[in-house]
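The values are calculated or read from the model by the stated rules, or taken from the named source; none is laboratory data. As the structure is a computational prediction, the values presented were derived from the model and not from experiment. With ideal geometry, Cβ positions are generated from the backbone for all residues, glycine too; neighbour counts draw on all protein chains shown. Note: areas computed on protein heavy atoms with side chains; ligands, DNA, RNA excluded. Shrake-Rupley method; radii C 1.70, N 1.55, O 1.52, S 1.80 Å.
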Amino acid sequence: MDNKQISQSPFIVSIGIDPFFIGVYLSCGPKTVLLKSGALQKDIANTVLDTLKQAGRVIGFPDLHDLLVCLPIIRLCTSIVQTDLLLRQGQLVGLLVSAELVNTARRILRALGLPGDMVIDIPAPHTPQAVDTIKLAFNRLLNLGARCIGVCLTESWRNPMDEQKIHMIINRQYPAYYLGSVPLLRSADYEICLSDEERLVTLVIDCYMRQTWQTHCNVVKTALARQGFKGVFLIAEGSKGLSPVPRVRPSTVALAAHAALFTVAKYWIEKVHTQGIALNIGSLCSEVAIIGGREYPNPHFSSLLPENTLGGIASTLKRRSGRFVLTPPDNLAAPGRNYPNRKKQEPTLLDALIVLGLISPSSLGRARLLSDRSTAYSAMGHLVGQGAEEIEAAAFRAFYDVVDDLTRHILRQIKQRGLDTTSAFLVCGEVGGIFACAIAERLGWKVLYTIPGSSLTLAMGAVMMELKQQFRYRLEEDISIQEPAILQHMMSRLKQQSERILHGAFLDHISVFHQYALECVARTKDNNVTQHIYHKINEMQPVSTDMSLVGLLDTGVYKPVAINLQLTGYLKKDLADFNNIKTQLYGINQNREKMRKLYSGPKLGWQAYPLHQLSDLGEGEVLTGPVIIEAAESVYWVPSGWHYIIGNNGMDRIEQGEQCESKDN
């Protein structure tokens with residue numbers, strides 16, 4: 001296929017940005033490339049351009065400009081916000097809140113390393129005295145150095161006018177063009193289904209990460225535009241959807257990595273089972289996604305705080321109560337600024353794995369720039385002494401302490417979601433395959449499935465996600481939502497607004513399917529019980545009284561206190577075939593060793609085991625453990641009693657047992 005034919009073929013392009021790696025998914029006609037770059041030696045924008053350039057050459061575009069001018073859409077899934085939350089790289093935040101929310105607000109700020117005195121309680125702006133109090137509180141936060149201020153009043157979703165009045169008061173005193181003006185965000189702008197605490201956490205994240213996120217997004221978008229990209233830039237969010245750049249908030253991007261893992265895992269797990277668990281051990285964070293099981297309110301918001309986040313290979317190892325635990329990586333600089341950069345000799349999980357021989361300094365491409373063998377020993381020695389035997393034994397204990405922590409977390413998820421013991425277990429990430437068998441043995445699982453991880457999971461997840469347009473109308477309480485004509489009118493208005501946005505974003509040539517949702521919060525007349533209702537309405541489904549809030553409001557017991565009508569647009573599904581995934585991977589810095597020595601504990605000491613490159617293995621091959629398997633995107637440790645099987649449906653598996661057949665899943 002020549003360049004003219006290629007340029008006329010439909011493109012699917014997505015970029016995954018992980019702290020250590022960048023992954024690109026590029027599909028054009030019969031050619032599909034999954035390419036991973038570990039060379040974050042410059043800045044993120046230049047690395048994105050270099051990786052896209054390499055991928056373009058594979059499908060027939062020698063020049064990056066020629067490729068970018070052909071792309072109608074680029075999807076981006078990044079973990080930058082989640083990473084900077086862990087590294088506490090945000091800006092100083094001030095909060096104006098109701099008196100009832102002061103303690104909660106201070107706890108959230110302290111969890112992010114911010115001073116609790118940046119929280120000031122304010123009254124509702126109903127009197128002149130209240131207005132003066134609000135002005136003084138705002139001035140105080142400015143004097144304390146706040147770079148962004150959030151306003152959160154109790155039950156602001158019910159009556160957003162109070163927060164809007166506060167915004168008007170502040171804008172009159174500090175207009176946007178005023179030198180001392182800072183951004184002011186309101187909690188009333190968020191979904192009505194959030195509790196006050198969830199709304200407050202979301203507000204804090206948006207204030208804290210606002211500047212970092214805008215800079216990160218603008219740098220990547222500007223770099224692409226300078227090279228010729230004139231299409232639409234879509235960002236993956238935690239709601240498992242894609243949104244245009246101006247509509248994306250840091251609090252939703254912070255959950256993008258989890259959404260990408262969920263989307264990819266659901267695609268593969270449903271090939272082999274109705275439910276399952278996916279584990280991704282990446283650079284700084286580990287993610288667990290549950291597919292199937294009973295519905296459980298996942299505490300997404302609280303899990304963003306550093307103390308509740310599972311660590312990754314660059315997380316710091318510390319000793320607590322005789323055990324090794326992973327803590328936020330305070331020994332690394334922030335992404336995009338010559339990242340990563342070891343500032344202190346504190347050991348990381350990567351150091352422990354290098355000491356054990358499970359990862360060599362040349363594995364994973366980027367790892368050698370983070371640590372080498374002598375550096376890893378020295379770092380571990382800061383915890384346990386400088387003796388080689390002590391360091392090796394400590395690294396061995398750290399490995400199994402991490403296994404125990406991950407196992408406990410997965411067991412807790414299994415119990416909450418009611419999964420059965422035959423659930424599928426999917427692993428990915430740079431070192432997910434190293435820990436997989438040890439975790440599976442504790443859980444009693446006999447079969448594991450493997451897929452590419454880290455930045456490639458982000459890139460693949462962005463390909464699978466849908467376009468989401470969050471257009472909303474807040475309906476007044478006295479509007480009869482039981483009347484079909486009212487809903488039909490609102491749906492028509494929403495669709496017109498959607499089409500204008502699509503046309504302005506050059507998306508009008510893409511098939512977009514619309515789905516509406518009626519969202520309502522209703523309370524009993526004595527205000528003691530609150531009921532939240534979320535009802536989906538398909539575009540082609542006729543509007544009728546049966547679609548309204550059936551029975552609930554008709555009884556006269558409940559009255560609506562907040563009503564929204566939402567519109568979500570779905571891009572036409574046009575996924576490339578992931579089934580041939582191994583032949584689409586282009587590796588980096590692959591190791592050509594045939595044997596490698598691993599430390600197997602104080603009793604067995606050092607043992608030599610076979611080492612294979614995944615790219616050298618063919619479909620149907622079976623490798624019997626103990627064996628090490630390296631790929632461009634991950635490393636797998638297959639212990640004795642386990643077998644690694646090269647599948648033919650895009651997903652390999654690791655099975656436990658004496659005999660193993662190389663059958664398709």
**Fill in**
Spelling it out for residue 316: with amide H atoms placed in the peptide plane at 1.01 Å from N, the residues 5 or more places away or on another chain with amide H under 5 Å from its amide H are 327, 330
**Prompt:** What is the spin-label model distance, in nm, from residue 197 to residue 58 if the labels are put 7 Å beyond Cα along the C-beta direction?
**Reply:** 4.5 nm
**Complete:** Scalar couplings 3J(HN,Hα) for the stretch 396-413 by Karplus 6.51 cos²θ - 1.76 cosθ + 1.60 (θ = phi - 60°), nearest whole Hz, x for Gly and Pro, are 5, 5, 4, 4, 6, 5, 5, 4, 5, 5, 5, 4, 4, 5, 5, 4, 5, 5
**Asked** Based on the Cα atoms of the stretch 57-128, what semi-axes does the equivalent ellipsoid have, where each is the square root of 5 times one gyration tensor eigenvalue, given in whole Å with the largest first?
**Response** 46, 17, 9
**Message:** Probe radius 1.4 Å, ligands and nucleic acids ignored: give me the carbon and sulfur share of the accessible area of the stretch 397-440 as a rounded percent.
**Reply:** 54 percent
**Item:** Residues residue 211 and residue 615, FRET efficiency given R0 of 56 Å [Cβ-Cβ distance, rounded to 0.05]
**Value:** 0.85
**Request:** With a 1.4 Å probe and all protein chains in place, put 378, 640 in order of accessible area, largest first.
**Result:** 640, 378
**Item:** Zone residues, the stretch 204-239, relative to residue 167, backbone N less than 15 Å from point 7 Å out along Cα-to-Cβ
**Value:** 207
**Request:** Calculate one ³J(HN,Hα) per residue across the stretch 86-102 by plugging θ = phi - 60° into the Karplus curve 6.51 cos²θ - 1.76 cosθ + 1.60, and present them in order as whole Hz with x for glycine and proline.
**Result:** 5, 7, 6, 9, x, 9, 5, 10, x, 10, 10, 9, 5, 4, 5, 9, 4
**Asked** Once amide H atoms are placed 1.01 Å from N in the peptide plane, what residues at a sequence separation of 5 or more from residue 283, or on another chain, have their amide H within under 5 Å of its amide H?
**Response** 313
**Asked** Under the Karplus relation 6.51 cos²θ - 1.76 cosθ + 1.60, θ = phi - 60°, what is the ordered set of whole-Hz ³J(HN,Hα) values for the stretch 111-118, x standing for Gly and Pro?
**Response** 5, 9, x, 9, x, x, 6, 7
**Asked** residue 607 to residue 389: extension gain in nm, 0.36 nm per residue of separation minus the Cα-Cα distance?
**Response** 77.0 nm
**Prompt:** What FRET efficiency do you get for residue 121 and residue 408 if R0 is 35 Å and r is their Cβ-Cβ distance, rounded to the nearest 0.05?
**Reply:** 0.35
**Asked** Tell me, what % of the accessible area of the stretch 91-250 is carbon and sulfur with a 1.4 angstrom probe?
**Response** 50 percent
**Fill in**
Extension length gain for residue 400 and residue 158 (0.36 nm per residue less Cα distance), in nm, is 82.2 nm
**Förster radius 22 Å - calculated FRET efficiency between residue 218 and residue 46 (Cβ-Cβ, nearest 0.05)** = 0.90
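Around residue 435, with a cut-off of 15 angstrom between Cβ atoms, what is the net charge of the other residues, counting Lys and Arg +1 and Asp and Glu -1?
Result for the local shell: -3.
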**Prompt:** Label point 7 Å out from residue 178 along Cα-to-Cβ: which residues of the stretch 148-168 have amide N under 13 Å?
**Reply:** 167-168
**Fill in**
Distance in nm between residue 443 and residue 31 label points, each 7 Å along Cα→Cβ, equals 3.9 nm
